[in-house]
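K.L.:
Here's a structure for you.
The values are calculated or read from the model by the stated rules, or taken from the named source; none is laboratory data. These numbers come from a predicted model, not from an experiment. No Cβ is skipped: glycine too gets one built from the backbone with ideal geometry, and neighbour counts run over all protein chains shown. With ligands, DNA and RNA removed, areas are computed over all heavy atoms of the protein, side chains included. Shrake-Rupley method; radii C 1.70, N 1.55, O 1.52, S 1.80 Å.
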Amino acid sequence: NAGVTQTPKFQVLKTGQSMTLQCAQDMNHEYMSWYRQDPGMGLRLIHYSVGAGITDQGEVPNGYNVSRSTTEDFPLRLLSAAPSQTSVYFCASSFDRGEMNTEAFFGQGTRLTVV
Amino acid sequence: LAKTTQPISMDSYEGQEVNITCSHNNIATNDYITWYQQFPSQGPRFIIQGYKTKVTNEVASLFIPADRKSSTLSLPRVSLSDTAVYYCLVGAYGGATNKLIFGTGTLLAVQP
């Protein structure tokens, strides 16, 4: 059982380049989200999805795009990388159980540096 | 989600019991209290969740007083590998990962 898999683990980009961070989960979870974590700070929500074909913006969506064509995959696209996007990116997924909070599963993260 | 307050950092030694308290004065009736653990260079990992009184699993215990305005995560006999950031989350969000709000957490440093 792989859980949530993120690729790549590390990436260095030049300012203005674009790239896609991959996230895949094999647990048939409805919810998937992307977070960024800057040094000494908590996680901030970028984009999220409540199911295939449905996405929405989070707290810090500017400069990022997402799509959810399948239940398993939720890629995050950086359109034109900027140094301010240097961060660690985490993907998370979870079942929807109504009121009862369910466990969120996180990937290992992608450490991105923009120079 | 209810606002939470927890210490920025704590120090401990191997073999000691560690208690991390989280304040959540504005907790709502339907809210659960959930704790996550994050090791360096890894994503957060669910530890424990509770609604009232005491919950225990193989990793930790969670104590919640009757008024539910605070909660205490208890880690028995910590080891060096328990060095991590611990986050307290309060809310009723079902499976909505978009509603998870992580503050800065408590950095627990365990020394030999």
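K.L.:
Which of the residues belonging to the range B:37-96 are among the hydroxyl-bearing types (S, T, Y) and closer than 22 Å to B:L107 by Cα? Break it down stepwise before answering.
P.N.:
Taking the range B:37-96 as the starting set, the residues that turn out to be among the hydroxyl-bearing types (S, T, Y) are B:41, B:51, B:53, B:56, B:61, B:70-72, B:74, B:79, B:81, B:83, B:86-87, B:93.
Those that are among the hydroxyl-bearing types (S, T, Y) and closer than 22 Å to B:L107 by Cα: B:S41, B:T56, B:S61, B:S70, B:S71, B:T72, B:S74, B:S79, B:S81, B:T83, B:Y86, B:Y87.
K.L.:
To continue, here is another question. Can you find a residue that is in contact with a Pro (Cβ under 7 Å, 6 or more places away or on another chain), under 20 Å from A:D26 (Cβ atoms) and hydrophobic (A, V, I, L, M, F, W, C) anywhere in the range A:73-88? Steps first, please.
P.N.:
Step one: of the range A:73-88, the residues in contact with a Pro (Cβ under 7 Å, 6 or more places away or on another chain) are none.
Within the range A:73-88, not a single residue is in contact with a Pro (Cβ under 7 Å, 6 or more places away or on another chain), under 20 Å from A:D26 (Cβ atoms) and hydrophobic (A, V, I, L, M, F, W, C).
K.L.:
So which residues in the range A:73-101 are more than 14 Å from every other protein chain (Cβ to nearest Cβ) and open to solvent by 80 Å² or more (accessible area, probe 1.4 Å), if there are any at all?
P.N.:
Matches in the range A:73-101: A:R77, A:L79, A:S84.
K.L.:
Filter the range A:56-72 down to the residues that are open to solvent by 60 Å² or more (accessible area, probe 1.4 Å) and within 11 Å of chain B (Cβ to nearest Cβ) and list them by number. I'd like the intermediate steps shown before the answer.
P.N.:
Step one: filter the range A:56-72 for residues open to solvent by 60 Å² or more (accessible area, probe 1.4 Å), giving A:56-57, A:59, A:62, A:65, A:69, A:72.
Hits for the range A:56-72 are A:D56, A:Q57, A:E59.
K.L.:
Still on this model: Determine whether the range A:41-52 contains at least one residue that is farther than 18 Å from A:E72 by Cα and exposed (fewer than 14 other Cβ atoms within 10 Å of the Cβ).
P.N.:
Pass one, the range A:41-52, residues farther than 18 Å from A:E72 by Cα: A:41-46.
Still in the list and also exposed (fewer than 14 other Cβ atoms within 10 Å of the Cβ): A:41.
The answer is yes; a qualifying residue exists.
K.L.:
Given the conditions (1) farther than 14 Å from B:Y86 by Cα; (2) surrounded by fewer than 19 Cβ atoms within 10 Å (Cβ to Cβ), which single one is not true for B:I27?
P.N.:
Of the numbered conditions (1) farther than 14 Å from B:Y86 by Cα; (2) surrounded by fewer than 19 Cβ atoms within 10 Å (Cβ to Cβ), the odd one out for B:I27 is (2).
K.L.:
What pairs come up if the first residue lies in the range A:44-68 and is more than 20 Å from B:G43 (Cα to Cα), the second is open to solvent by less than 70 Å² (accessible area, probe 1.4 Å) and basic (K, R), and their beta carbons are under 8 Å apart, counting only those six or more places apart or on different chains?
P.N.:
As it stands, the answer is A:G51/A:R68; A:A52/A:R68; A:G53/A:R68; A:I54/A:R68; A:T55/A:R68, since those pairs meet every condition given.
K.L.:
What do you reckon, is B:L80 buried (at least 19 other Cβ atoms within 10 Å of the Cβ) and either at pLDDT 95 or above or within 18 Å of A:L45 (Cβ to Cβ) (or both)? Steps first, please.
P.N.:
Working: buried (at least 19 other Cβ atoms within 10 Å of the Cβ): no; either at pLDDT 95 or above or within 18 Å of A:L45 (Cβ to Cβ) (or both): yes.
Against the criterion (buried (at least 19 other Cβ atoms within 10 Å of the Cβ) and either at pLDDT 95 or above or within 18 Å of A:L45 (Cβ to Cβ) (or both)), B:L80 does not qualify.
This table checks each residue for (1) closer than 28 Å to A:C91 by Cα; (2) among the aromatic types (F, W, Y); (3) open to solvent by 40 Å² or more (accessible area, probe 1.4 Å).
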residue	(1), (2), (3)
B:Q16	no, no, yes
B:T21	yes, no, yes
B:I33	yes, no, no
B:P44	yes, no, no
B:K52	no, no, yes
B:P65	no, no, yes
B:R68	no, no, no
B:N98	yes, no, no
B:L108	yes, no, no
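K.L.:
Among the candidates B:G91, B:G103, single out the residue that is surrounded by fewer than 19 Cβ atoms within 10 Å (Cβ to Cβ), within 15 Å of the chain's Cα centre (by Cα) and in contact (Cβ under 8 Å) with a residue 24 or more places away in the chain. Lay out the reasoning, then the answer.
P.N.:
Values: B:G91 fails: surrounded by fewer than 19 Cβ atoms within 10 Å (Cβ to Cβ).
Only one candidate qualifies: B:G103.
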